[in-house]
Structure formats: structure tokens, C-alpha cells
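Encoded as C-alpha cells, the structure appears first; notes follow it.
The values are calculated or read from the model by the stated rules, or taken from the named source; none is laboratory data. Predicted, not measured: the structure shown is a model, and the values here were computed from it. Note: ideal-geometry Cβ built from the backbone for every residue, glycine included; neighbour counts use all protein chains shown. All accessible areas refer to the heavy atoms of the entire protein, side chains included, with ligands and DNA or RNA removed. Shrake-Rupley method; radii C 1.70, N 1.55, O 1.52, S 1.80 Å.
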Amino acid sequence: MLILAALLGPAVLFGLALLAATVSRRRWANAAVYGACALVAVAGLAVAVTALLNGSTETLTLPLGIPWIGMHFRLDALAAVFLVVVNLGGAVASLFAIGYGRHETSPERVVPFVPAFIAAMNLVVVSDDAFTFLFAWECMSVLSWALVVSHDRDPQNLRAGLIYVAMAGFGTFALMICFAVMAAGGDFTFAAMRAHGAGLPGLVLALALLGAGSKAGIFPLHAWLPLAHPAAPGHVSALMSGVMTKVAVYGFIRITFDLMGPVDWTLSLAVIAIGAVTALLGVLYALMQHDLKRLLAYHTVENIGIIFVALGMALAFRAAHLPAAAALAATAALFHVFNHSLFKSLLFFGAGAIQNATGTRDIDRLGGLIRTMPQTALAFLIGATAISALPPLNGFASEWMVFQAAFLSGSLPQWGLRLLIPTAAAILALSAALAAACFVKAFGVTFLGRARSAAATAARETDRVSRLAMAALAGGCIVAGVVPGFFTNLLGPASQMLTTARMPIANAVSPLVPVAANHNTYSGLIIALGLIGATLLVAALVHLLANRATRRSDTWDCGHPEINLLAQYSAGSFAQPIRRVYASIAFGARETVEMPAPCDLAPAKFTATLHDSAWELLYAPVGKTIGFLADRLNPFQYLTIRAYLGIVFVALVLLLTGLAIWS
Amino acid sequence: MDTLTVAHFLAGSLVLLSFSLLYQDRLPPLINTFAAQSLVLALAIGWQAETQHAPHLLITAAIEFGFKTVLIPLVLTWIIRNLKIHRTVEIVVGVGPTILAGMALVGLAMALMMRATPGIGVLARQDLVFALSVVLLGMLMMVTRRNAVSQVIGFMSIENGLVLAATGAKGMPFVVETSVAFSVLIALIVTGIFLFRIRERFDSMDVAVIDQFRGER
């Protein structure tokens, strides 16, 4: 009974959370709670991998929740894949937190919520009826909200928490309507919905995009994500960005691929288009950020876009009865889900370690950290290389599979898709290139050059446990990039379930075959060996051919002759060309230079302004309307008791009169 | 007299006593009138127990009699004696308009119930009309009175209307009637404490003083 084991994990974690609430102020609580949490998550990971290898489907009904209906659970291949993501992310984040959490100023506001948060995400994945799903989903939202506002002294965190909780409520509401539409017969179990199929597929898909998409961070519902993810402590940011967005993707897959039954190809157009726009705008937003964690959060938006493009292609291929291509696209999406959870957690760990060491997230105050934090720098570099989709790391492997699926779009019968998919692929290629540029900026300004502030100069390497967690994830990125075949094999049953087909079975040595051996293939191992070989060759050549003769010349000034360290090439300098080319259209970016009058000794001033049109057109009007109404209703808070009684009385009489007249 | 006519007569008396509550401007007669209303209610419930062959309604009737006819009026009398407000005359603004408004409310209740409940007997429908009238008149009293004790009595007479409606309907679960009856007792305890606290703080029973304290008027 694997499903019992899979449910035992969340139960233990909830218990652990209660226990943690009582002891969290003790000195040993941090290590004990996170250590136990990591162990439970590792056990959950083992259960999930066993379920994937078995490939069986188990269901269970427990007499909890609503009387006589109970809670339904189901462990199938899709759920197992996401259980792997949740528990792997949870285990590594707990490990990182053993070290990171020691710097926490108020652990009682963080420690109890983390195990419960991981447990809620586990429950979402294994739930098999709408009530259980929404209950776990809402638990996940509320617990993560509590973590976002854990440092409530900072007004920005409170604002982030408010926007997050409003968006989370909106998303759950959309999902609730979505399930209500699908459960036309009044039976809210997923089994009934699966048998029934969706009556109004367009509406259901739109609601799934609104509900699950707002949690995942698709444009333009992403606005809360870059505010809330950075506000939380480092390991929680990693959990939210690396894991919770994936649970949202799971919700979308469960509804569109599993519960809705066959989906018309026209609906895939919307998914692909939204994914492509999300990917491009996500990376453009990221390029404009100078806050390291916010930059990473915007990259989550970008990667969610990539995943949605792949999912949309899988829907399109499935509708056209091209199972091999659909399997490729679905496997690519799931593999990217897994990969993104690895490298995004790794990068957020790095950002958390840097914040602990220097007290700032503003990359223009950092610099030169590669000398004081060499191991963090190496781990961050591996994560940055992976997210920039450079071989031989895992980001490249999954994005390559997405592109291979896009190349197969020529075999689709519909012209709309044959035009849209290559366009989306071109946009993805552009955003991958921009992501690489963004991480050159992030890594270069943070770790290279010279320290731009006293805090950055005084930085010390982070503790050993945190480094162990980062090393584990970096190792994962390398393994998944070098032998992607192992992972696509594991994803086979899930792909089988979603698209009735799976990718060809791969083994460690032979190259990854997306469709058939006469198409393109990719061998991460050969690329990795080639890269190592080339590096060794160049090193040897440099060693052999270098000139040992002494020369007299100026000392090399590292490219910045100015003594002022702030005059180094900054994040803004990196972003400027891209801001001029793309952001002037996307965000209405404008630059103004104010030169002082001749003979005036005042400094010249350079200002760059950006407009977030999604915020200004979509969110600001809603906020203004609510504010206006709240102001109008405000006097009702300060009436006399008799006035309240009078209002109730008059309202009752008016309603009754209305009823008497019209009934 | 057939059974329904008696029920009808008792329910009608309740409405009449509600009207009488509206214009009592001294507290002891107000409490007495409330006790009389509760007594009539207990009789009405007892009659329902007889006609519906529902012995559990006798328990409700006993609760109503014990609490609302005896205990609550005694406690309220004790409270106003302790607070030394039993001789004060409350200025009831506009007795005439209030009574007219009360009549309009009864008309409203009649118009509504006659439309909302077709298909049951005329007398049973009029019972519901009376119950709704008692509720609405109680609310009217709460709105028009300024003295906290009068407001409490208005609240209790709303409860009387609710209990009348609950016992008049056949097959209403016993738990509903008893819980409504018990809720009044809880309300008495809370309001009793509340009244002493108001007096302690503001040296008056006029709720307008609380409004002044909150800084609005």
C-alpha cells in the first residue's frame, strides 16, 4: 500500500509542525525540526520513486473531512512525478534550513510553518476529489502566506503578503468554479469527472488557467510572485519558487490532461500563446531587476512560460493523434518541471546564503564574492548555467526536448498551430538567450569584480550544511544534464498516462532519442566529455605555449581604472542595451540625462524609468476601485448602536416589503 | 371554540401586548407587560402541545413560563431597583407615530405571509402573521427606545415571536424550540452584566451616553 505510505508523510509533517510550534524558541529546535522534516521528505521521495518504478495506480478513501463523503486519495504516475519534485525540494530545503535557519531572528514565525507547508503540497498532489484538492491547495496558500509575512516589520513584506493572499483567494475561487462546472452531476470526486468529461471545455480551461495559472505565475497573473517569493526566508523562497509553482502546474495538468478528457486543438492555441508571452516577458522583467531574489522570481515566471508552451504542444499533438510527438512534449514539460525545481532551489539557496553573509539582496551593493564565498559561487554558477540552458546541464536537456517537439509541429494538420508553434519556439529561443544575458549580469555583478560595499567585503563563506544542500542540488543538475535518459525513462509512465505514449527508452551511455533514432539525438555524456576534454586541452596548450619571459608594463586594472568601486560595470550597465532594445517597447522604458549648466559643479543625473503596464492596466484600477468603495463604506464603522439597529430594521422591512410586492 | 380559534386568540393577544410594550414609558409596567406577554406565550405553547399531541412542547412551555414569565422579570426588576432607575420616566418619542408604524408592520407581515404561504389553512397562516408581527414590533421597540433595559425587553419580545413561530409549525425539532428558549437565558446573563457595567462607567442607562463616550455626537 504505497498510498498509505505517501499519506503517512504529510501526517507526520503536520504533527511535526504542531510540535515545532511548541518548541520553536528553543535553541535546538531549528536543527531538530528541519532535520526531522528532511528525513520525512526523503522517505516520501523514496515512496514516490517506488511508485514511479512500479507504475501502478492506487486509490484510497479515508473517512475524514465531509461526513459520508470522505477524502479520496489517488497515487498514479503523474502524482508520483510531482511527489518526487515536492519531496526532493522539501528535503533539500530542510537541509539548507538547518544551517540557514540559525540566522533567523524570530524562528517561531518560520519553523512551524515549513513542515506543514511541505505536507500541504504533498496532499494537493495525492488528492482525488475537489474538496480534498481545494482544502490542501488553500492550506498550501495560507501557510506560504504566513511565511511570506513572517518578517512583518518590513512594510514591503506586508504589501507582498496582501497582494499574495488576494491573488491566492482569486485563484482558489476560479478553481472552485472550475470544479463546479466539471462536476455537473454533483459528484465532486475526480473519478466521476474523469468518467464524465468536461461539458464546457473552453470555460474549464480558462478557469484552470486563471486558478492554477495565477498560482504558477503566468502573465498577467504573475504580479504577486516577484513580490511574495523574495519576501520569504531563503529556504522558503526556494520552496515557493521551486516547488509550489510546480504544484500549480500539477493542478493545471491534472485538470486539462486528465479530468477534461480529450481536448480540442483550438484550446492548445491559448496555452501555447500564453506560455510564450509569459516566458518572454518574465525574462525581460528579470533583466530589469537589481534585487537578486526578485530577479530569480521573475525567472520562475519565464520557466513557467516554457513549461506551459510544452504543455500546450502536448495538448495539440494529442488532439491531432500524434502520440509520439505528444509524449515528447509532455515528457519535456515534466522534465523541465523537475529541472527547474532543482536549479531554482539552488539559485535561491545561493541568494539566501549571500543575504545572510552580506545583509543585502541588491546586486549593485555586492561584488567580488567569488573570493570570500568560493563554494557558494561555484554552486550558483552551476545553477546559473543550468537555468541559462547551456549544455551539458539539465536546463539544456529539457529545453532541447521542448525545441525538438516544436520541430515536429510541421506534421500537425492545423495551419494555426503550424504557424504558432514555430513562433513560440522562436520566442523561447529569444528568452533563453536573454536568460543567459541576465545570469551573466547576476553572476558577474554579484561574484566578480570588486566588492561595492563594506558588507560585501566582510562576507564570509556560508556554513557547511547549507553548502552541502547546494552541492547536492548542483550535483543533481549535472547528473540530470549528463544522463537525461534516466529521467525520461522514469517519466515514461506519466507520459503514458497523459498522452497514451512514451518516449523511447534510453540508457545511460547512448544518446537521448526524442522520437526515433533517425531524427535528432542528444548525448549529454559526450558533450560533457567533449567539454572537459576541450578545457583540459586549452589548459595544457596555455601551459605549454605561455611565455615565461618577464615583461614590464602597467599593472592590469581589471577593466576599471576608477578608484571609486561603485564606478565598476554595474547591473544597470549590463541591462542597458537590452532595456533600450526591448523594454522601451514592453515597459515604455525612458532614459533622461540632466547635464548641469556649464561651470556648474553639480553632478550630472541619469534616470531610467519603467512602466509595468500589466500592473497599471490590470491591478491598479482594481485596487483603486476597492479603495474608493472602502472609503465610502468607512463611516459605517462608526455609527451608534441605535443607528446599527435602525439600519438592520429598515433593511429587513424593505426586503420584506419587496418580497410582499413581488413574490 | 375549535382548537385553532383558541390558538388564534392567544397569538392575537401576543401582538396586542407587543403594542402595549411600545408605549409603556415607565420601566416596572414595561417589565410587567413583558411578563404578561411571556405568560400568554407559555399558554399558547401549552395549547399547541395539546392540539399537536406533542408532549415535548409542554417542556418548552414550562421553560418559557419559568424563565420569561417569572425569572427574567424578577431579575430585571431587581436590576432596576439596584440601579435605582425604577422611578425614572423614559421619554418615549412620538407614541402616536410609533403605534402607526407598528400597525404598518403588522399590515406588512400580513401581506407577506398571505402571499408566501398559500395552501395552508387561514388560521395557521394568521398565526405566522402574528409571530412575524411580534418579531417586527420587538425590533421597532429596540430602535425607538433609548434606555438599555427597554432595549433588552425589546430583544426578549423578538425571541417571543420566534418561539411562537417555531412552536406553531408542526414537526419542528424539539431542539430548536428549547435552544431558542435557553438562548434568552444566556442573553439575560450577558445583558445583566452589561447593564451594570454601563451604569458603572457612564452613570446612566441611556445608550446615547455611550455614543457620546465614543466621541461621535
Worksheet item: How many Å² of accessible area per residue for chain A, probe 1.4 Å?
Response: 42
Discussion item. Could you give the length gained by full extension between B:L58 and B:L4, i.e. 0.36 nm per residue of separation minus their alpha carbon distance, to one decimal place?
Written reply: 17.7 nm
Worksheet, complete the sentence: Note on the protein assembly as shown: the mean projected area of its alpha-carbon convex hull, in nm², is 51.5
Worksheet entry | Rounded accessible area of A:K605 (nearest 10 Å², 1.4 Å probe) | 130
Worksheet item: Ignoring ligands and nucleic acids, what accessible area does A:S56 show with a 1.4 Å probe (Å², nearest 10)?
Response: 50
Response to the item:
Charge tally for neighbours of B:L39 with beta carbon under 15 Å away, counting Lys, Arg as +1 and Asp, Glu as -1, is -1
Discussion item. Can you compute the FRET efficiency between A:D362 and A:D264 using 1/(1 + (r/R0)^6), with r the Cβ-Cβ distance and R0 = 51 Å? Round to the nearest 0.05.
Written reply: 0.60
Worksheet item: Going toward the positive end of the dipole of the protein assembly as shown, with +1 on Lys and Arg Cβ and -1 on Asp and Glu Cβ, which of A:G444, A:L18, A:A602 do you reach last?
Response: A:A602
Worksheet item: What fraction of the Cα pairs in the stretch A:263-538, stated in percent, has a spacing above 28 angstrom?
Response: 38
Practice prompt. Pull up all non-local amide H partners of A:L512: gap of 5 or more, or a different chain, and H-to-H distance under 5 Å with H placed in the peptide plane.
Written response: A:Y522, A:S523, A:G524
Fill in: Cα point-scatterer Debye curve for the stretch A:618-662, base-10 log of I(q)/I(0) at q = 0.14 Å⁻¹
-0.57
Response to the item:
Ignoring ligands and nucleic acids, A:H151 exposes an accessible area, probe 1.4 Å, in Å² to the nearest 10, of 60
Response to the item:
Taking every other residue with Cβ under 12 Å from the Cβ of A:L281 and scoring Lys and Arg +1, Asp and Glu -1, one gets -2
Discussion item. Leaving ligands and nucleic acids out of the surface, order A:L525, A:L296 by accessible area at 1.4 Å, largest first.
Written reply: A:L525, A:L296
Fill in: Viscosity 0.692 mPa s, temperature 37 °C, Stokes-Einstein D of the stretch A:139-178 from Kirkwood C-alpha radius, µm²/s
313
Practice prompt. Just list whichever of A:K293/A:K441; A:K215/A:K293; A:K293/A:K624 have alpha carbons separated by over 25 Å in the model shown.
Written response: A:K293/A:K624
Worksheet item: Calculated from DSSP H runs of 4 or more alone, at -39500 (n - 2.57) each and per residue, what is the 222 nm mean residue ellipticity of the protein assembly as shown, nearest 500?
Response: -23000 deg cm²/dmol
Worksheet item: Under a point spin-label approximation (7 Å from Cα along Cα-to-Cβ), what is the A:S106-A:T550 distance to one decimal in nm?
Response: 6.3
Fill in: Pairwise label distance in nanometres, B:T77 with A:I526, each label 7 Å out on the Cα-Cβ vector
10.6
Practice prompt. Would you mind giving the mean number of other chain beta-carbons within 10 Å of the Cβ of each residue in A:638-648, as a whole number?
Written response: 5
Worksheet entry | For residues of B:106-113, the mean tally of beta carbons on other chains within 10 Å | 3
Practice prompt. Could you order A:R450, A:R552 by accessible surface area, starting with the largest, using a probe radius of 1.4 Å?
Written response: A:R552, A:R450
Discussion item. Can you sort B:V149, B:V135 by solvent-accessible area, 1.4 Å probe, largest first?
Written reply: B:V135, B:V149
Worksheet item: ³J(HN,Hα) across the stretch A:346-357 via Karplus (A = 6.51, B = -1.76, C = 1.60, θ = phi - 60°), whole Hz, x for Gly/Pro?
Response: 4, 5, 5, 4, x, 4, x, 4, 5, 5, 5, 6
Worksheet item: Mind checking the alpha-carbon convex hull of the stretch A:62-172 and giving the volume per residue in Å³?
Response: 116
Worksheet, complete the sentence: For the stretch B:10-26, Karplus-derived ³J(HN,Hα) couplings (6.51, -1.76, 1.60; θ = phi - 60°; whole Hz; x for glycine and proline) come out as 5, 5, x, 4, 4, 4, 4, 5, 4, 4, 5, 4, 4, 10, 6, 9, 10
Item to complete: Could you go through the stretch A:281-288 in sequence order and give the Karplus-derived ³J(HN,Hα) for each residue, using 6.51 cos²θ - 1.76 cosθ + 1.60 with θ = phi - 60°, rounded to whole Hz, and x for Gly and Pro?
Response: 5, x, 6, 5, 4, 4, 4, 7
Fill in: Euclidean distance between Cα centres, the stretch A:283-321 to the stretch A:218-251, Å
12
Worksheet entry | Given charges at beta-carbon only (K, R positive; D, E negative), |dipole| of the protein assembly as shown in Debye | 1480
